[in-house]
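Engineer: Can you keep this structure in mind? I'll have questions shortly.
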Amino acid sequence: MVDLSVDLAGVPLPSPMMTASGCAANGREMHRFIDITELGAFVTKSVKAAPVSGRPTPRMAETDSGMLNSIGLQGPGVAAFVEEDLAWLHSIGARVVVSIAGGTASEFAAVARRVVRSPYASAVAAIEVNISCPNVANRGLVFACEPSGSHKVITLVREEVPRGIPILAKLSPDVTDITEIAAAVVKAGAHGLTMINTLLGVAIDPVRLRPHLAATTGGLSGPAVRPVAVRAIWQVSAAMREGRVPAVPIVGAGGVRTGADALELLAAGATAVQVGTAAFNDPTAPLRVGRELADALDALGVDRLADVVGIAHEGGLR
Amino acid sequence: MTPSHPLGTAAREGARVVQVDAEVIRSAPAGIYQHLTLVAPGIAELARPGQFVAAAIGDEHSSMLLRRSFSIHRVSPQGAYGGTVEIVVAAHGPGTEQLLALPTGARVNLIGPLGRPFPVPQEPVACVLVGGGYGSAPLFWLADVLRERGCHVEIVLGAASRDRLFGVLEGRRSADGVTITTDDGSEGSKGWVSDVLPELITRTGASVIYGCGPMGMLRSLHEAAQEHGIVAQVAVEEAMACGIGICMTCVMPVRDATGTTKMVRSCVEGPVFRGDRVRWDAFVDGRCLVPDDALGAPEAGAR
């Protein structure tokens with residue numbers, strides 16, 4: 001038996017496997033296919049302070065080994081989220097990473113406050129701060145494109161979240177130097193990093209010759225982006241090893257569909273792995289990938305998952 | 001080298017939905033469409049007319065990740081091979097082309113039944129069932145269910161041309177009357193389904209219209225129903241990535257019982273909606289806008 005347990009900034013998880021925010025709704029739908037309490041953690045859809053309708057349709061375009069989406073953070077608002085979704089996740093005993101979003105730094109903080117002060121806070125394994133959603137009306141609102149904006153959001157969220165609940169900052173790969181953003185958010189108090197969010201893209205409808213998405217731009221996800229995720233994890237992990245970024249755990253996300261894919265992210269420096277778009281193809285994927293990962297480690301003669309985290313920086317398996 | 005794994009399967013207690021590796025046991029052309037019969041244990045036993053299945057394209061290394069959704073044409077819970085599900089596939093692109101070219105014996109990872117079925121009336125009333133193109137696929141099974149309950153059933157099949165009609169013979173077996181319209185007049189009367197509806201509703205005293213097909217046609221059904229003071233139950237064909245309610249791509253604006261418009265997922269809250277709840281005004285030029293009065297809509301000027 002391979003030991004798959006991980007330590008996520010002080011929170012012990014029995015498995016490295018998580019859903020990815022926005023790719024599993026808030027749990028009930030996926031729970032019809034897999035027992036989501038068996039995941040290391042269930043990651044919720046990013047929630048804002050008030051209800052959000054999201055963007056017009058079409059909101060989705062299939063691309064080679066991936067897809068573009070422009071959902072636009074549709075959600076019920078944090079009050080309904082806490083009472084309906086977090087309450088349910090708490091009732092079934094799921095470990096939950098709550099993804100939060102906001103149009104301003106203080107909105108992020110208000111959402112975090114509502115979550116951690118709720119009666120269901122004991123289910124919250126971590127708060128993931130989505131500062132990198134590309135589907136907002138104003139590109140200037142993608143906080144993760146800029147170090148000072150990122151720093152401010154994390155600073156305000158940090159003031160609201162009690163010790164024992166780690167804060168993960170979710171980063172965008174669409175930046176000149178991701179290590180600069182990583183350094184800013186860790187210095188502001190982030191206990192971990194989730195990498196990567198989607199990449200901004202456009203698809204043209206081949207018949208109408210206009211943007212396929214009603215919102216024009218969307219976030220690219222799926223196996224097509226995996227090398228970008230591995231690159232981002234590699235760069236930040238290397239910067240941590242060189243002391244340019246304070247060392248914190250990395251939660252890898254981006255194009256994971258199989259156990260072999262998950263192993264790539266781990267070897268590049270990720271401590272845990274999220275499965276996102278692959279769940280649209282196969283709702284069992286978040287658990288299936290975990291089983292495949294265990295088999296792959298076993299086949300390599302590795303007893304503990306923790307032994308391969310970042311191993312690619314050390315010359316690989318010997 | 002990591003061994004290749006197939007996509008997952010699932011059948012959780014109480015879920016009322018399964019994910020199975022279905023086997024194609026028959027594939028036959030039907031006009032320009034392909035009629036597929038699949039052995040899909042668990043789906044046939046649970047399904048009701050109006051529900052759909054979501055099919056994966058290829059295995060875990062397929063470059064096409066998104067599931068293709070098909071309304072269920074018929075089910076046979078006790079076939080010789082186990083429960084079977086029938087679907088009708090039209091060539092829309094590389095994914096559907098791959099499905100309709102599958103030989104018998106091929107495997108398809110299938111999830112179903114999904115979505116809410118057509119509600120059926122308590123009383124044995126007259127019903128008009130309208131299908132546009134292969135949107136007619138679920139209506140014959142629905143007709144059987146309605147006639148078992150004593151309903152008088154009229155089926156209207158409409159399409160651009162004769163080869164795009166689906167189920168003309170089946171309609172004659174399943175319904176008390178069949179009316180056909182084609183845009184070019186190559187079969188039945190020349191024109192649209194909405195041209196024949198008023199007379200049919202009046203003659204049969206229909207209380208309900210059921211419809212499945214393109215959005216423009218469904219809107220015309222709703223309008224005809226409204227003019228006659230009856231209800232249309234329409235099954236929409238919105239683009240979906242997952243079919244199971246996790247991707248939020250298939251949303252459309254629908255009023256709830258209190259009149260509040262929300263962007264709802266057509267896969268879990270639909271695909272069947274009451275025509276008078278749908279915000280038809282939002283569907284413009286192949287897109288669907290978010291009405292300004294929808295819950296959580298961007299404030300004017302902010303979009």
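Engineer: If I take every Cα pair under 8 Å that is 6 or more residues apart in the range B:18-114, average their sequence separation and divide by the length, what percent do I get for the relative contact order?
Structural biologist: Details: 225 pairs, mean separation 39.9, N = 97.
Worked out over the range B:18-114, it gives 41 percent.
Engineer: Just reorder A:Met30, B:Met217 by solvent-accessible area, largest first, 1.4 Å probe, all chains present.
Structural biologist: B:Met217, A:Met30
Engineer: Hey, any idea what the orientation-averaged projected area of the convex hull of the range B:126-286's Cα atoms comes to, in nm²?
Structural biologist: Seen from a random direction, the Cα hull of the range B:126-286 projects 9.8 nm² on average.
Engineer: So, one more: If one puts a single equal scatterer on every Cα of the range A:234-305 and applies the Debye formula without solvent, what log₁₀ I(q)/I(0) results at q = 0.25 Å⁻¹?
Structural biologist: Values, matching the q order: -1.05.
Engineer: With a probe of 1.4 Å, find how much accessible area the range A:1-63 has per residue, and write the answer as a whole number in Å².
Structural biologist: 31 Å²
Engineer: For A:His191, what accessible surface area do you get with a 1.4 Å probe? Give it in Å², rounded to 10.
Structural biologist: About 60 Å², rounded to the nearest 10.
Engineer: A follow-up question, please. Note the buried accessible area between A and B here, summed over both chains, with a 1.4 Å probe, in Å² to the nearest 100.
Structural biologist: Summing both sides, the interface buries roughly 4000 Å².
Engineer: Now for a different question. Could you give me the radius of gyration and the Dmax of the range B:18-114, taking only the C-alpha atoms into account and expressing both in angstrom?
Structural biologist: Over the range B:18-114's Cα set, Rg and Dmax evaluate to 12.1, 35 Å.
Engineer: Additional query: If the rule is a partner Cβ under 4.7 Å, which cysteines in chain B fail it?
Structural biologist: B:Cys127, B:Cys151, B:Cys212, B:Cys250, B:Cys267, B:Cys288
Engineer: Given a 1.4 angstrom probe, I'd like the percentage of the accessible area of chain B that is carbon and sulfur, rounded to a whole number.
Structural biologist: Ligands and nucleic acids excluded, carbon and sulfur reach 49 percent.
Engineer: Okay, next question. Once ligands and nucleic acids are excluded and a 1.4 Å probe is used, how much of B:His222 is accessible, expressed in Å² to the nearest 10?
Structural biologist: 20 Å²
Engineer: Over all directions, the average projected area of the alpha-carbon convex hull for the protein assembly as shown comes to how many nm²?
Structural biologist: Computed as one quarter of the Cα hull surface, the answer is 27.6 nm².
Engineer: Using each residue's phi in the range A:255-266, evaluate 6.51 cos²θ - 1.76 cosθ + 1.60 at θ = phi - 60° and report the 3J(HN,Hα) Karplus result to the nearest Hz, with x for Gly and Pro.
Structural biologist: Each residue of the range A:255-266 in turn: x, 7, 10, 9, x, 5, 5, 4, 5, 4, 5, 5 Hz.
Engineer: Could you sort the residues of the range A:26-43 by number and keep only those whose accessible area is reduced by 50 Å² or more in the all-protein-chain setting relative to the chain alone, 1.4 Å probe?
Structural biologist: Buried on complex formation: A:Glu29, A:Arg32, A:Phe33.
Engineer: With every protein chain left in place and a probe of 1.4 Å, what is the accessible surface of B:Ser207, to the nearest 10 Å²?
Structural biologist: Here the residue's solvent-accessible area equals roughly 50 Å².
Engineer: When Rg is the radius of gyration of the Cα atoms in the range A:6-314 and Rh is its Kirkwood radius, what does Rg/Rh come to?
Structural biologist: A ratio of 0.94.
Engineer: Related question: Take every DSSP beta bridge with both residues inside the range A:6-314 and express the antiparallel ones as a percent of the total, to the nearest 5.
Structural biologist: 35 percent
Engineer: A further question on this structure: I want the antiparallel fraction of DSSP beta bridges within the protein assembly as shown, as a percent rounded to 5.
Structural biologist: If I count the DSSP bridges inside the protein assembly as shown, around 50 percent turn out antiparallel.
Engineer: Related question: Restricting to Cα pairs below 8 Å that are 6+ residues apart, what does the relative contact order work out to for the range A:6-314? Please round to a whole percent.
Structural biologist: Result for the range A:6-314 is 19 percent.
Engineer: Let's test this: bin the Cα-Cα distances of chain B at 10 Å from zero up to the farthest pair and state each bin's percent.
Structural biologist: 6, 27, 34, 24, 8, 1, 0
Engineer: Per-residue ellipticity at 222 nm for chain B, helices alone: DSSP H runs ≥ 4 residues times -39500 (n - 2.57), over residue total, nearest 500 deg cm²/dmol?
Structural biologist: Counting only the DSSP helices, I get -5000 deg cm²/dmol.
Engineer: May I ask you to derive the relative contact order of the range B:126-286, considering only C-alpha pairs under 8 Å and at least 6 residues apart, and to give it as an integer percent?
Structural biologist: Rounded, it is 18 percent for the range B:126-286.
Engineer: What accessible area per residue, rounded to a whole number of Å², is obtained for the range A:72-196 using a probe radius of 1.4 Å?
Structural biologist: 34 Å²
Engineer: How much of the DSSP bridge set in the range B:147-288 is antiparallel, in percent, rounded to the nearest 5?
Structural biologist: 45 percent
Engineer: Hey, any idea what % of the range A:6-314's accessible area is carbon plus sulfur with a 1.4 Å probe?
Structural biologist: 52 percent
Engineer: Accessible area per residue for the range B:164-204 in Å², computed with a 1.4 Å probe and the full protein assembly in place, what is it?
Structural biologist: The answer is 52 Å² per residue.
Engineer: Taking all protein chains together and a probe of 1.4 Å, list A:Glu160, B:Glu148 from the most accessible to the least accessible. Mind showing how you got there, number by number?
Structural biologist: On the way: A:Glu160 40, B:Glu148 155 Å².
Listed by decreasing accessible area, they come as B:Glu148, A:Glu160.
Engineer: Any chance you could check the range A:248-289 for residues losing 50 Å² or more of accessible area when the partner protein chains are in, compared with the chain on its own (1.4 Å probe)?
Structural biologist: Residues losing area: A:Arg257, A:Phe280, A:Asn281.
The values are calculated or read from the model by the stated rules, or taken from the named source; none is laboratory data. Computed from a prediction, not measured in an experiment: that's the story for all the values here. Ideal geometry is used to build each Cβ from the backbone, glycine not excepted, and the neighbour counts take in all protein chains shown. The protein model used for the area step is the full one, side chains on, heavy atoms only, and it has no ligands, DNA or RNA in it. Shrake-Rupley method; radii C 1.70, N 1.55, O 1.52, S 1.80 Å.
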